1. Under 5 Å between amide H atoms, partner at least 5 residues away or on a different chain: which partners does residue 8 have, H built in plane at 1.01 Å?
2. Between the DSSP loop rule and a limit of at most 15 other Cβ atoms within 10 Å, which trypsin sites (Lys or Arg not before Pro) in region 256-301 are left?
3. Starting from region 460-514, pick out the trypsin sites (Lys or Arg not before Pro) whose DSSP state is loop and whose Cβ has at most 14 other Cβ atoms within 10 Å.
4. With n ≥ 4 as the cut-off for DSSP H runs, can you work out [θ] at 222 nm for the chain, using -39500 (n - 2.57) per run divided by the number of residues, rounded to the nearest 500?
5. Over region 297-362, what portion of Cα pair distances is larger than 19 Å, expressed as a whole percent?
6. Angle between the Cα long axis of helix 427-439 and the longest principal axis of the chain, 0 to 90 degrees, nearest 10?
7. Distances longer than 45 Å among the Cα atoms of the chain: what percent of all pairs is that?
8. Measure off, as a whole percent, the carbon and sulfur share of the 1.4 Å-probe accessible area of region 111-161, all protein chains present.
Amino acid sequence: MEREIRVRFAPSPTGPLHIGGVKTALFNFLFARHHKGKIILRIEDTDQKRYVPGAEDYIVQSLQWLGINFDESPALGGDFGPYRQSERKTIYQSYVQQLIDKGKAYYAFDSAAELEEMRRQLEAEKADNTSYAAHIRHKMRNSLSLPEDEVRKLLEEGVPYVVRFKMERDRLLVLHDKVRGEIKVNTNTLDDKVLFKSDGMPTYHLANVVDDHLMQISHVIRGEEWLPSLALHYLLYEAFGWQEEMPSFAHLPLILKPAGKGKLSKRDGDKMGFPVFPLEWKNPENGEVFPGYREAGYLPEAVINMLALLGWSPGDEQEFLSMEELIAKFDLDKVGKSGSRFNPEKALWYNHHYIQEKTDSELARMLLPIVKEKGIETPIDFVEKAVSMIKERANLIPDLWEHSSFIFIRPPDYDAKLVRKKWKENTAQLLLDFVPRLESLDNFDAGSIKTLFESYVAEKETGFGAIMLPLRLTLVGSGKGPDLFALMQLLGKEEVIERIRAGVQAIVKQKDSH
Ligand code: GLU
């Protein structure tokens, strides 16, 4: 029987979710949906020292914003819960006991100072392996080196201990990863990892493997930084006797810095001015604020499209893929081995594309809050018309305001350079004489205004440019902006005439004072 596809995203709530983490969540999501399987959100919060309040909520909200949703999670529940590891403490206790009983794990009582001394000595001897492992464990204070009754006494006295995995020697493991292929690891390079601590909490390795097993995870898809843990996880499955149901593994390549090597970091984002987090994050400890894609004005579709193509490709040239198309095309065999460079311009390019895909009414609803924030009350259909004129120029949602503000507010000033170059002796009069004609125009639509304007230009024998640019200056304050006649129609007769009069007056004054 085919195994049911069950994958999990298993973040630790130690801070905001980096877009590298989002990519891992996305690939799990796409894989699960493609294969009509299940995706689980499991919160790995066993490391109390690194726990950051608000981080779990942040993770949940980020993924919700992006449309990455789960079938089982702390909030949704499910048949394999609880889904927060801190609520599964008693489960791990019984499993670590199994390993101790089988002789696969042991108690170690070494103090921090003793461990430090061990490392120092091994370093002085220039040992190949300076960590706690088979070559040194017999010299340390643990249940393998100490007599049984002493071990019992130490445990009864409540002396702090950890449980370590008893890593075997001289074994060549041949592991398989769906992205990297075959991986060979000699167990002599590995150490006796801590699985459990006397505070009653498991470490990442134990909790992760036990939960993947109990939650019947079929595929572990995670970041490349976990590849060094693969051998230990493999041996843990074996130690528990679970190798038959061991999941397949796929370690995803990292997102690299825009230039050069290395993992994309928060600092790259700060330096180059792009977010590396999906949502804005305020550090609860010091109030420091990190920018987010949502607040910067990216659309979730753009972030998803961009992240999907960092390390995966549909196998053809297609660059724009909706979530549905990604689900239809995604599979692990097209995930590349090497990391992909993050390209901030490409992110903007995707966003520009997805802004154009929105309807004017959708965009108007995104622009409206900004317009309101500026203290402007305008009906939504006016905002909609404004947006349709300028959306082509917008890469980010706030650009919609940057490029349309002149529609909502009269020019606060007039481009001095243009005034100097284009405003002649007779310009003011030419514009003022045009006003009564506009006033008497019955149908104030772009076509009629244009016809009127053309006949006026012909009559005055001035040429188009001599009036067109000054007219634009009075209406918008600069030489930029959309089609002038369409803009005049949107502004309406009254507003246009007021802007021309006010503009002429201000520009003449501006010129006089120079
Ligand atoms: N809790 C680990 C993390 O924070 C999970 C790694 C894994 O997927 O096994 O990324």
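The values are calculated or read from the model by the stated rules, or taken from the named source; none is laboratory data. Remember, predicted model here, so these are calculated numbers, not experimental data. Ideal geometry is used to build each Cβ from the backbone, glycine not excepted, and the neighbour counts take in all protein chains shown. Ligands, DNA and RNA are excluded from the accessible area calculation, which covers all protein heavy atoms including side chains. Shrake-Rupley method; radii C 1.70, N 1.55, O 1.52, S 1.80 Å.
1. 40, 221
2. Listed in order of number, the matching sites are 261.
3. Working: sites: 460, 472, 480, 493, 499, 501, 509, 511; in loops: 480.
Passing sites in region 460-514 are 480.
4. -14000 deg cm²/dmol
5. 34
6. Approximately 90 degrees, to the nearest 10.
7. It works out to 37 percent of all Cα pairs.
8. It is 50 percent, rounded to a whole number.
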